[in-house]
Amino acid sequence: MHPWTRPTAHPTFATESAALLDALRLDVAANGGRARPEHFERRALWTYSWKPRGQPTGVHKHTMVGAASWFAKCVWCEQLRERERELDVEHYHPKVCVTEWQGTPPLISDAPPRELNERGGYWWLAFTWNNFTLSCKTCNQAWKRNLFPVRTPRSRDVLEGDEASEVPLLLDPSIPFRAGDHFRWTPGGILEPVSDRGFATIVTCGLNRRELLERRAQVAQNVLARRGELLKAMRRRDRDAVAQEKLALNALGSVTSEFTGMVRWLVEQGLGGRSWTEAGFAS
């Protein structure tokens with residue numbers, strides 16, 4: 001996992017989202033303060049079907065995904081996915097309800113943790129741009145769902161404003177963090193936690209499911225081979241070879257490539273713990 005930069009919202013977003021939130025408040029109040037899934041029907045401004053007045057269909061999802069390519073990365077698993085069919089604009093704070101895991105989920109699994117203790121969600125953040133992330137359907141719909149672990153267990157429904165005092169265990173991919181503070185990677189592609197937030201993020205989003213382990217292992221072996229060649233070139237003081245290997249590693253560790261977090265961490269570990277940019281790689 002690697003920090004993600006959220007694009008700037010389309011100029012029409014603030015006005016549209018404010019109107020939708022006003023209407024949602026009326027529905028939630030009429031339902032005793034709890035949101036229901038049907039309250040968000042026809043209000044999904046983050047989908048490709050949303051058509052604001054005078055704007056193209058799906059303008060807000062297009063803004064979130066970007067127009068540079070047909071593919072974009074999931075903020076959780078860092079796999080490239082087809083933007084129209086395989087990517088959701090999902091809510092970091094779940095909008096309808098929040099759930100907890102049953103017991104302590106295994107670190108490596110192909111089965112999502114069972115959800116328990118359903119409570120009211122963060123409905124007032126449903127139209128907040130800073131609550132939107134870009135997730136593949138597997139991470140979002142099969143794994144994360146309504147899970148949102150926090151450091152202090154909840155004893156009631158979430159109330160508006162609670163988010164200011166809560167300490168989420170799920171990392172927010174849009175808030176800068178140092179990957180090594182929360183994760184480490186094995187040569188076999190296994191993602192291991194080094195913090196409670198790292199563990200929560202791994203098991204909530206299924207970041208050690210089989211498809212990811214296999215793909216990450218392939219990339220890791222390539223990175224380790226390139227790293228080895230770089231170290232040999234540095235010892236020989238072969239500037240041309242150093243430049244060639246750095247160019248290859250820069251491409252593997254680009255923010256637009258898969259598994260940026262793992263690639264950069266593996267390189268940093270081989271270079272005495274120097275950060276990616278301190279070692280002369282592009283940010």
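The values are calculated or read from the model by the stated rules, or taken from the named source; none is laboratory data. Treat the numbers as computed from the prediction; the structure is a model and nothing was measured. So basically every Cβ, Gly included, is an ideal-geometry build from the backbone, and we count neighbours across all protein chains shown. When the accessible area is computed, the model is the full protein with side chains, heavy atoms only, and any ligands, DNA or RNA have been set aside. Shrake-Rupley method; radii C 1.70, N 1.55, O 1.52, S 1.80 Å.
Worth a mention:
- Computed in the context of the full set of protein chains, the accessible area of the chain at 1.4 Å probe radius has 52% of its extent on carbon or sulfur.
- The Cβ shell under 15 Å around G198 holds other residues with a net charge of -1, Lys and Arg each +1, Asp and Glu each -1.
- Using just its DSSP H runs of length 4 or more, each adding -39500 (n - 2.57), the chain gives a mean residue ellipticity at 222 nm of -10000 deg cm²/dmol after division by all residues.
- Sites matching trypsin sites (Lys or Arg not before Pro) across the stretch 92-191 that sit in DSSP coil, with at most 12 neighbouring C-beta atoms within 10 Å: R114, R151, R156, R178
- Put simply, the C-alpha atoms of the chain give a gyration tensor, and the ellipsoid matching it has half-axes of 38, 22, 15 Å, longest first.
- Rounded to 10°, Cα long-axis angle of helix 13-30 versus longest principal axis of the chain: 50
- Radius 14 Å from Cβ of N117, net charge of other residues (Lys, Arg +1; Asp, Glu -1): +1
- When the surface is traced with a 1.4 Å probe over the full set of protein chains, Y48 keeps roughly 50 Å² accessible.
- Net charge in the neighbourhood of K232 (other residues with Cβ under 14 Å of its Cβ; Lys, Arg +1, Asp, Glu -1) is +3.
- The residues D110, D240, sorted by heavy-atom accessible surface at 1.4 Å with ligands and nucleic acids left out, run D240, D110 from largest to smallest.
- Accessible surface, per residue, of the chain when the full set of protein chains is kept, probe 1.4 Å, Å²: 48
- When the convex hull of its Cα atoms is viewed from all sides, the stretch 144-228 shows a mean projected area of 6.9 nm².
- Over all directions, the projected convex hull of the C-alpha atoms in the stretch 162-283 averages 8.1 nm² in area.
- Estimated vicinal HN-Hα couplings, Hz - the stretch 170-179 in sequence order (Karplus 6.51, -1.76, 1.60; Gly, Pro = x): 6, 4, 8, x, 8, 9, x, 8, 8, 3
- Ligands, DNA and RNA excluded, the heavy atoms of T47 present near 40 Å² of accessible surface to a 1.4 Å solvent probe.
- Counting only protein chain heavy atoms and rolling a 1.4 Å probe, the accessible areas of V263, V194 rank, largest first, as V194, V263.
- Candidate cross-link partners of K232 among the lysines, defined by an alpha-carbon separation under 24 Å and a same-chain spacing of 8 or more, comprise K246.
- For E163, the solvent-accessible surface with a 1.4 Å probe is about 60 Å², rounded to the nearest 10.
- Rounded to 5, percent antiparallel among DSSP beta bridges of the chain: 95
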